[in-house]
Amino acid sequence: AYAPLLLLVIQVVPGATVPLSLLFLLMLATKYLALKTTHNLGTPQTLFVLAAPYVIVAIVAALVALYGGAYGLEQLPYFRDAFKVQLFLAR
C-alpha cells in the first residue's frame, strides 16, 4: 500500500516534484484495493474501513482544538512554581 511513496525518488532530479495530493490519492487507491481484495469486503465496508482513521483523527483534533485551552500552562507543575517565584519577586 505504500508503493506510491517510491515516486518521491523523482525528487532527486533538480526541479522535479511530485504533488502531495497525487501521492495521497495514489496511496488511498492502493489501500482501497489492498483492503478490498485481502478481506473480501464490499465497496461500502471498504470505504468505511479506509475512512475511519481519518475521521477519528479529525474528531480528536477538533476536541483538542475546542477543549485544549482548558489544560493551559497552569496545569504544568514547573510553570506553576516558576510563576509563584515571579509573583514573589515582583513584591
Subject >> Residue-span extension gain [residue 54 to residue 8] - 0.36 nm each, minus C-alpha spacing >> reply: 14.3 nm
Original post:
How high is the FRET efficiency between residue 28 and residue 63 when r is their beta carbon distance and R₀ equals 30 Å, given to the nearest 0.05?
Top reply: 0.75
Subject >> Residue-averaged [θ]222 nm for the chain, counting only DSSP H segments that reach four residues, each worth -39500 (n - 2.57) >> reply: -22000 deg cm²/dmol
**OP:** Please report the orientation-averaged projected area of the chain, defined via the convex hull of its C-alpha atoms, in nm².
**Re:** 11.5 nm²
Original post:
What helices in the chain pass both tests, a Cα length along the helix axis of 27 Å or more and a mean Kyte hydropathy of 1.6 or higher, using whole DSSP H runs?
Top reply: 43-67
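Throughout, read-outs are computed from the coordinates displayed, never taken from laboratory work. Computed from a predicted model, the values in this text were never measured in an experiment. Neighbour counts are summed over all protein chains in view; Cβ atoms, including those assigned to glycine, are modelled from backbone coordinates with ideal geometry.
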